[in-house]
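Down below is the structure, laid out as structure tokens.
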Amino acid sequence: MNIIPEKNYLTYPKGLKSWLFTLDHKRIGLMYLFAIMFFFLVGGIFALMIRLELFHPGQDFVSADTYNQLFTLHGAIMIFLFIIPSIPASLGNLILPLMLGAKDVAFPRLNLASWYIYVFGAMFAVYSMIAGAADTGWTFYTPYSIETNTAVISLTTGAFILGFSSIFTGLNFLVTIHKLRAPGMTWFKMPLFVWGLYATSIIQVVATPVLGITLLLLILERVAGIGIFNPALGGDPVLFQHFFWFYSHPAVYIMILPGMAIISELISVHSHKKIFGYKVIAYSSLAIAFISFLVWGHHMFVSGQSELAGMIFSFLTFFVGVPSGIKVFNWVATLYKGAVRFTTPMLYTFAFLILFTIGGLTGIFLGALSVDIHLHDTYFVVAHFHYTMMGGTVIAFFAGLHHWWPKIWGRMYNERIAKITAVLVFIGFNLTFIPQFIMGSHGMPRRYFDYLPQYQGMHELSTYGAYLLGTAFVIMAIYLIHSIFKGKPAGNNPWGGLTLEWQTTSPPDPHNFHEVPVWTHGPYDFDTIKVEPDLEKELETA
Amino acid sequence: MHTKTEHKHSTPLLVYLAVGGALLFLTVITVAVSYVDLGPFNLVVAIGIATFKAMLVALFFMHLYYDNKLFMAVFISGLMFLGIFIILTMFDTMKRDMIYEEVAKPIRPNAIIYEQPAATDQTDGQH
Ligand code: HEM
Ligand SMILES: [Cu+2]
């Protein structure tokens, strides 16, 4: 029978103050987890409102102006408040130091500061909703973002501040990975989750300042009319898009790399098979991080950028597909002859493989200059990035959450309900977004609140899917929260993993390990080491 | 253990003074050259000297020359990313007026929609 240690990071020290001033990476990770889940809920509610309005053509329950604000808030919240911090700041904070065998991250105070800065930035974003929510789209394109009367400044100030929290996390992880690895853990013996977070952190540190500058220039343009982006003053509105996408394309890899990192980890543990092509997966993360800086112009094919630039960016874009493809093939090869267990985390991993592949391949379509001229600003693009961001990152996030949940709380959720929910999520997601691919390729434009009657059937399907998806998330929230209080004790190593986080107690001690762990094997040496999952019996009967 | 190695590598005062002198001297040169008319090369010379001065500051005053080479790599990669941003953006901003002319051609020349109106039609219609 598994037991939960009396003294663990959740119970000791006690009191609200011990949480608000904590320097413990696990507590900060949990605080991040609650914060981002809150904004996932808020952003999700906006999404359901958008889908409700689009259920039928014509105006049903919000005006066209409100609709513009809804999709702007949905996008801005999901990107800046949810998905960018999601995996690194919550699961990364919780698990990374444990995996390295460290007591904490390199700069615990900076870590806490990043959480408070996140909250501070979030307050600006929330304030902007009350003060006449922005209606520019999350991309804040000029010249409209200079002209609109809505609260652009407070929302962009919020995003500006959130950038610092992201940089702090990235910087912290880089130093932690360089300096705090357990004795024996050389670079190529690190778990792949660590490699993924390393590549992510590089992008966070290099690209985010550019977003800061861009938003600052936009604010100055609005307040003081400096004339950098405003054509009326001799500025160049397309230059804004260069600035914006120089951050935001790499930012899509800030989102997906941690997701890929989780999948590399899970696919090996839940098939009890040594990962196929360890080094290639590690290097391809770095390759993605680098190439992601060379392709931003593929968002601007029809924005008036020069034709030469369009061709160069289209050419370069095809290269991003290569390292992503390498990863997918390696994951699939790992499964070959493995002892695959259909646990909840593994179901989400399979969902990721399918959905991310669709998302990535449609990205290649869009990267082809001539095809994109037809598809740009249609629902095809909307479906593409939801397959990558939601089908990829969010699904991987839930895979990781279910994988490390027993470590974080020491208790298991109900596996049977969790599996059913995973299937509902998969169905709901596809029902929402496959129709969007179809109608997008038929010309349904994005960011419109009304549409021609010919698209009604597809929009109805999509709305049904969205509400199914929403329902599945509510079920997930219920069984996860229930498990915190009533779940069965999970044991230290429920899945039989080899990395260091499974060698401490669940939940871990406030100091992680009682003595400095020594790393004597590779992270995925399932061929030479035999581990018994603590949940063996439960896993078989569920 | 830290302080020992640092003491060994601490820069002699002379180096600081020499670099400071070089910076002042280069400033004088910059001003002097601005009085000579080199056409477009005035700009090139001025930026060249400024870059060299910035390099001196980074290497000696900011200790990049003595420090762990990792810092140098980080510094240079920052410049590299800036370079990527500026160069790729210039492929757009400098080339906006370079438009390829599109000449429309019928996809199927003998398709029905390209047929001449019957009144003026003399040769077509047989095939
Ligand atoms: C093989 C990799 C990928 C390629 C080749 C690719 C290509 C593209 C292209 C060409 C567009 C512009 C479409 C248009 O606006 O006309 C686009 C849009 C987008 N992509 Fe990707 N993509 C890839 C992966 C990803 C990933 C991994 C994510 C996120 C995790 C992502 C998120 C987005 C977003 C958010 C947009 C829309 C931005 C907007 O206009 O609001 N993409 N992608
Ligand atoms: Cu992109």
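The values are calculated or read from the model by the stated rules, or taken from the named source; none is laboratory data. Keep in mind that what you see is a predicted model, and the values were worked out from it rather than measured. Note that each Cβ is placed from the backbone with ideal geometry, even for glycine, and that neighbours are counted across all protein chains shown. These accessible areas exclude ligands, DNA and RNA; they are computed on the full protein's heavy atoms, side chains included. Shrake-Rupley method; radii C 1.70, N 1.55, O 1.52, S 1.80 Å.
Summary table
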| read-out | value |
| --- | --- |
| Distance in nm between pseudo-label sites at B:Glu101 and B:Leu17 (7 Å out along the Cβ direction from Cα) | 7.0 nm |
| Solvent-accessible area per residue, Å², over chain A with all protein chains present [probe radius 1.4 Å] | 37 Å² |
| Among A:Ala477, A:Ile417, A:Leu498 - extreme Cα towards positive end, dipole of chain A, charges at beta-carbon | A:Leu498 |
| Relative contact order (percent, whole number), the stretch A:280-414, Cα cutoff 8 Å, 6+ residue spacing | 26 percent |
| Under 17 Å from the A:Ala339 label point (7 Å along Cα→beta-carbon), backbone N, the stretch A:487-510 | A:493-499 |
| Computed label-point distance, nm, for sites B:Ile87 and B:Val28 using a 7 Å Cα→Cβ extension | 3.7 nm |
| Members of A:Lys407/A:Lys486; A:Lys26/A:Lys103; A:Lys179/A:Lys530; A:Lys103/A:Lys179; A:Lys103/A:Lys530; A:Lys407/A:Lys488 lying beyond 20 Å, as alpha-carbon distances in this model show | A:Lys179/A:Lys530; A:Lys103/A:Lys530 |
| Gained length - A:Val516 relative to A:Trp19, 0.36 nm times residue gap less alpha-carbon distance | 176.4 nm |
| All-pairs alpha carbon distance profile, the stretch A:58-189, 10 Å steps from 0, percent | 12, 35, 24, 16, 10, 3, 0 |
| Relative contact order, percent, chain A [alpha-carbon distance under 8 Å, six or more residues apart] | 19 percent |
| Extreme residue, positive dipole direction of the stretch A:30-541, given options A:Ala182, A:Val42, A:Val340 (C-beta unit charges) | A:Ala182 |
| Computed E for A:Ile226/B:Ala50 - FRET, C-beta separation, R0 35 angstrom, nearest 0.05 | 0.90 |
| Leading residue at positive end of dipole, the stretch B:13-107 (Cβ point charges), from B:Gly48, B:Ala18, B:Met80 | B:Ala18 |
| Convex hull volume of the stretch A:275-397 per residue (C-alpha atoms, cubic angstrom) | 100 Å³ |
| A:Thr139/B:Phe61 FRET efficiency (R0 51 Å; Cβ-Cβ; nearest 0.05) | 0.80 |
| Distance between the stretch A:363-429 and the stretch A:445-467 - C-alpha centres, whole angstrom | 20 Å |
| Carbon/sulfur fraction of accessible area - the stretch A:120-186, other protein chains in place, 1.4 Å, % | 72 percent |
| Structure-based [θ]222 nm, chain A - -39500 (n - 2.57) summed over DSSP H runs of at least 4, per residue, nearest 500 | -21500 deg cm²/dmol |
| Label-point gap, in nm, between A:Val119 and A:Ile354 - each point 7 angstrom along Cα→Cβ | 4.1 nm |
| Dipole in debye (nearest 20) - chain A, about Cα centre, beta carbon charges: Lys, Arg +1; Asp, Glu -1 | 1420 debye |
| Neighbour count of at most 14 Cβ within 10 Å plus DSSP loop: longest GluC sites (Glu not before Pro)-free window in chain A | A:7-514 |
| Stokes-Einstein diffusion coefficient of the protein assembly as shown, Kirkwood radius over Cα pairs, 10 °C, 1.306 mPa s, in µm²/s | 58 µm²/s |
| Taking the convex hull of Cα positions in the stretch B:13-107, its mean projected area over all directions (nm²) | 10.8 nm² |
| Restricting the stretch A:1-59 to chymotrypsin sites (Phe, Trp or Tyr not before Pro) in coil, as DSSP defines it, with at most 11 other Cβ within 10 Å | A:Phe21 |
| B:Val74-A:Leu48 FRET efficiency (beta carbon distance; Förster radius 51 Å; 0.05 resolution) | 0.70 |
| Relative contact order (%) - the stretch A:359-414, alpha-carbon pairs under 8 angstrom, separation at least six | 31 percent |
